[in-house]
Amino acid sequence: MTDGVTDNIRRLGERAQSMIDALATISAEEGKLTRLYLSPEHKRAANLVGEWMRRAGLTVRMDAAATMHGFRAAGREGPRKPKRLLVGSHIDTVVDAGKYDGNLGVVAAVIAAEELRVRAIALPFELEVLAFGDEEGVRYPKTMISSSTIAGSVEANVLDMTDAQGMTMRAALAEFGADSSHLTAEAYHRADVVGYLEVHIEQGPVLDQAGEALAVVSAIAGQTRFRASVRGEAGHAGTVPMAIRHDALAGAAEVISLIEAVGRRGAKASLVATVGEIRVSPGASNVIPGAAEFSIDVRAADDATRIAAAAEIRQGARQIALRRGLIFGMETVHEKAVAVAAPRLKRPIASAIADVTGKAPRELMSGAGHDGQTMIRLTDIGMIFVRCRAGISHNPLEFVSAADMGLAVEALIRTIEKIAEENA
Ligand SMILES: [Zn+2]
């Protein structure tokens, strides 16, 4: 890289850092970052992002789901109505979050729009920066309400969902200042959209271990979440002989070991299987557990692998239950199919990353969920992953260097330019 390029990337990285730091001060809790959907903090963050969008020369509007849109018209007049390229991420966070998850993607998109203007780069399509307010799904039972609204997959009944305080989403939107009456009318049309791009931190350790700053995302893993239950018979821990017990927790433990084994065997297909939550009742040290309920989270890079793994877990668990005289149940609570990135967007992303890093990037699957999973119902998706230290995320220790952020922003700008060249 020449010094000019290095200076440019340093400048972009510093700009991204200052914006990330500004957003990180907007929190519900002193000393930690918590910014839930439609909270007063979300409002302040949305206002700040809107101000940045305006300064970047974008026309700003807030939609019915409180997503901030920053619009730039197409640079060239053509005979046909221009299409629109969407670039964005989310500004909501988990509780006690890191400051880069989601926020970096919004900041990168705003800076990219700003730079395209400064560099007087005309595009043959419209550009729209999106700052979604709900990706994490912490406040309401559903996730990705914002992107689902644009993708046209949101249903009006989401407005009746209530948060832990009993407040409906309808009331929260009204308090926020968003007009929810036209929620389902916000949907974009496939024919009008070029694609959806997102810059996001990897949230895993691969890039950090490989010593690489950026990667192109191949797919967002499909995911199924189950609620499993094992029912047995509670009894006195001192008087019931071992041979005639129906210990629900001991049975659950065997099922959990099976789940881990299934996940390990599918490692090649990026299969992962996790039990992260368990409740035992009655839950006393001197009582044989009568029931156990736990979560099962299964993800994979292809849907067939994930579905087969879930079936194997269900069947194996039933056998374990039968042998132990227990009743096993397994109910799907959430399911998302794999979202494969489009080759026509992966190509310019890979080429842009090679331009700015001097090396062809690796392809990485995203094990974490992202807005691309809902946006894919509307249009093709492409994502750039950015290295984060030790892969730590959803944690205040989350860290991305300013240098890597600079590379990510420049890679995004060049990706947009390359897509423009192909669409010219
Ligand atoms: Zn995120």
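Pairing residues of region 309-330 that are on the phi > 0 side of the Ramachandran plot with residues that are assigned to a loop (DSSP other than H, G, I, E, B) and surrounded by 15 or more Cβ atoms within 10 Å (Cβ to Cβ), at Cβ distances under 7 Å and at least 6 apart in sequence or on separate chains, gives 325/246. Residue 96 fulfils the conditions (1) out of contact with any strand residue (DSSP E or B) (no Cβ under 6 Å at 6 or more places or on another chain); (2) within 16 Å of the ligand (Cβ to nearest atom); (3) open to solvent by 30 Å² or more (accessible area, probe 1.4 Å) except for a single criterion, (1).
Checking each residue in region 99-124 for being within 13 Å of the ligand (Cβ to nearest atom), in contact with a helix residue (DSSP H, G or I) (Cβ under 8 Å, 6 or more places away or on another chain) and more than 16 Å from residue 58 (Cβ to Cβ) picks out 99, 100, 103, 104. Checking each residue of region 389-405 against the condition of being away from the ligand (no atom under 16 Å from the Cβ), closer than 29 Å to residue 94 by Cβ and in contact with a Gly (Cβ under 6 Å, 6 or more places away or on another chain) gives at least one match.
Of all the residues in region 296-305, those that are open to solvent by 20 Å² or more (accessible area, probe 1.4 Å), touching a residue at least 12 places away in the same chain (Cβ under 8 Å) and among the small types (Gly, Ala, Ser) number 1. So which pairs qualify, if the first residue must be in region 29-47 and within 20 Å of residue 159 (Cβ to Cβ) and of a type in the set (Phe, Trp, Tyr), the second must be open to solvent by 10 Å² or more (accessible area, probe 1.4 Å) and not in a helix (DSSP H, G or I), the Cβ gap must be under 9 Å, and the two must be at least 6 apart or on different chains? Between residues of region 29-47 that are within 20 Å of residue 159 (Cβ to Cβ) and of a type in the set (Phe, Trp, Tyr) and residues that are open to solvent by 10 Å² or more (accessible area, probe 1.4 Å) and not in a helix (DSSP H, G or I), the close pairs are 37/135; 37/136; 37/137; 37/138; 37/139; 37/163.
Let's see how each residue does on (1) open to solvent by 50 Å² or more (accessible area, probe 1.4 Å); (2) within 22 Å of residue 270 (Cβ to Cβ); (3) at pLDDT below 95:
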position	(1), (2), (3)
320	no, no, no
329	no, no, no
335	yes, yes, yes
339	no, yes, no
342	no, yes, no
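Conditions (1) of a type in the set (A, V, I, L, M); (2) farther than 30 Å from residue 362 by Cβ; (3) open to solvent by less than 20 Å² (accessible area, probe 1.4 Å); (4) free of Cβ contacts under 8 Å to residues at least 40 places away in the same chain, marked per residue:
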{"residue": "177", "(1), (2), (3), (4)": "no, yes, no, no"}
{"residue": "181", "(1), (2), (3), (4)": "no, yes, no, no"}
{"residue": "200", "(1), (2), (3), (4)": "no, no, yes, no"}
{"residue": "204", "(1), (2), (3), (4)": "no, no, yes, no"}
{"residue": "217", "(1), (2), (3), (4)": "yes, no, yes, no"}
{"residue": "228", "(1), (2), (3), (4)": "yes, yes, yes, no"}
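In the set (1) at pLDDT below 95; (2) away from the ligand (no atom under 16 Å from the Cβ); (3) not in a helix (DSSP H, G or I), residue 223 fails one condition alone, (2).
Total residues in region 242-285 satisfying the condition of being surrounded by 16 or more Cβ atoms within 10 Å (Cβ to Cβ), aliphatic (A, V, I, L, M) and in a loop (DSSP other than H, G, I, E, B): the figure is 2. In region 94-121, the residues that are under 20 Å from residue 421 (Cβ atoms) form Cβ pairs under 9 Å with partners that are within 10 Å of the ligand (Cβ to nearest atom) and not in a loop (DSSP other than H, G, I, E, B), at six or more places apart or across chains, as follows: 109/89; 109/198. Scanning region 66-93 for residues that are away from the ligand (no atom under 16 Å from the Cβ), under 19 Å from residue 197 (Cβ atoms) and part of a loop (DSSP other than H, G, I, E, B) yields 73, 74, 75, 82, 83.
The values are calculated or read from the model by the stated rules, or taken from the named source; none is laboratory data. This structure is a prediction, so every number in the text was calculated from the model and none was measured. Note: ideal-geometry Cβ built from the backbone for every residue, glycine included; neighbour counts use all protein chains shown. Side chains are part of the model used for accessible areas, which takes the heavy atoms of the whole protein and leaves out ligands, DNA and RNA. Shrake-Rupley method; radii C 1.70, N 1.55, O 1.52, S 1.80 Å.
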